[in-house]
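Input: a single structure, listed below in structure tokens.
The values are calculated or read from the model by the stated rules, or taken from the named source; none is laboratory data. Just so it is clear, the structure is predicted and the values come from calculations on it, not from any experiment. Cβ sites come from the backbone with ideal geometry, for glycine too, and all protein chains shown count toward neighbours.
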Amino acid sequence: MIVTIDGPAGSGKSTVARQVAERLGFVYLDTGAIYRCLGYLALKLGVDMEDGEALGRIARGMKVEFADGGKRVLLNGEDVSSAIRTEEVGMAASKVSRHPQVREALLGLQRSFGRFNLVAEGRDMGTVVFPGAEVKVFLTASSEVRAQRRHRELLERGIRVSFEEVLKSVLERDRQDSQREVAPLAPAKDAVVIDTSDLTVEEVVDKIEALVKAWKKKHTSSS
Ligand code: C5P
């Protein structure tokens, strides 16, 4: 069974997806981390962010592994769990991810997780990577709320940035992610949209768990 959770930066995806996976005993897949690994490599190697061919080649050659239930990320054997969480790498991820060569190169890796009972989090999980997923969720929240969440998260990690900078970066990333030609950020037609602005993490997790239970009930009673 596959549950997809898509949405913009700061919509609460990661926290929610992780907890949903834990409750259900499913594998958790953070596809943003994969794009962040490529953004990180591109910055490190000084690759032109407009060069889709070169970025596609790097994407095909890189090895991304998850450890500790998705908490640790290894890129070509190096632990990059913290290094990929900066705003700079987030922005690079957003730039590299708009190239079709990159998206194509990373499709196989993402789909290989479909052999598990899975909670997959990203931007195009329900639309492109797992269009046949049993339960699809799209999380939203106002840009102010999302920027506040990102800001708090960054401060907690010891990264000092102003709220205005984070808001600007959130808006810029939204624009890039929703206006790109391939796999733009948008809810799948059959996704349930949840606005998390005024909800606690637990309330959102409860709602998704209820959707999964409803799906299971429907499909066990009719078979
Ligand atoms: O979710 P996260 O903020 O870690 O994602 C970083 C960037 O990676 C996003 O802004 C988006 O451009 C890209 N991304 C994507 N498709 C996904 C997941 C992330 O394009 N499935």
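Remark: G39 falls outside the filter, which requires a residue to be in a helix (DSSP H, G or I), closer than 30 Å to R23 by Cα and under 19 Å from the mean Cα position of the chain (by Cα).
Pull up the range 149-162, narrow it to residues that are touching a residue at least 24 places away in the same chain (Cβ under 8 Å) and not charged (D, E, K, R), then point me to the one that is farthest from Q19 (Cα to Cα).
V161
Inside the range 204-223, residues that are surrounded by 13 or more Cβ atoms within 10 Å (Cβ to Cβ) and farther than 19 Å from A133 by Cβ make up a count of 1.
Of the residues F138, F116, the single one that is under 28 Å from L24 (Cβ atoms) and crowded, with 17+ Cβ neighbours inside 10 Å is F138. Give just the number: which of (1) at pLDDT 95 or above; (2) crowded, with 19+ Cβ neighbours inside 10 Å; (3) within 14 Å of the ligand (Cβ to nearest atom) does V170 not satisfy? (1) is the only condition that V170 fails. Look at the range 37-51: where a residue is without any contact (Cβ under 8 Å) to a residue 60 or more places away in the chain and a partner is buried (at least 18 other Cβ atoms within 10 Å of the Cβ) and part of a loop (DSSP other than H, G, I, E, B), sitting 6+ places away or on another chain with Cβ atoms under 7 Å, you get C37/V80; Y40/V80.
Taken as a whole, the structure places R173 among residues that are among the basic types (K, R) and over 20 Å from R18 (Cα atoms). Output the residues belonging to the range 6-27 that are within 13 Å of the ligand (Cβ to nearest atom) and in contact with a helix residue (DSSP H, G or I) (Cβ under 9 Å, 6 or more places away or on another chain). Matches in the range 6-27: D6, G7, P8, A9, G10, S11, G12, K13, S14, T15, V16, A17. Among the residues of the range 184-201, those identified as out of contact with any Ser or Thr (no Cβ under 7 Å at 6 or more places or on another chain) and β-branched (V, I, T) are V192, I194, T200.
R146 satisfies every condition listed in (1) farther than 17 Å from I194 by Cα; (2) crowded, with 18+ Cβ neighbours inside 10 Å; (3) not polar (S, T, N, Q) except (1).
Could you say whether any residue in the range 138-146 is of a type in the set (D, E, K, R) and touching a residue at least 60 places away in the same chain (Cβ under 8 Å)? Within the range 138-146, one or more residues are of a type in the set (D, E, K, R) and touching a residue at least 60 places away in the same chain (Cβ under 8 Å). Here L185 meets each of (1) aliphatic (A, V, I, L, M); (2) away from the ligand (no atom under 12 Å from the Cβ); (3) not in a helix (DSSP H, G or I) with one exception, condition (2).
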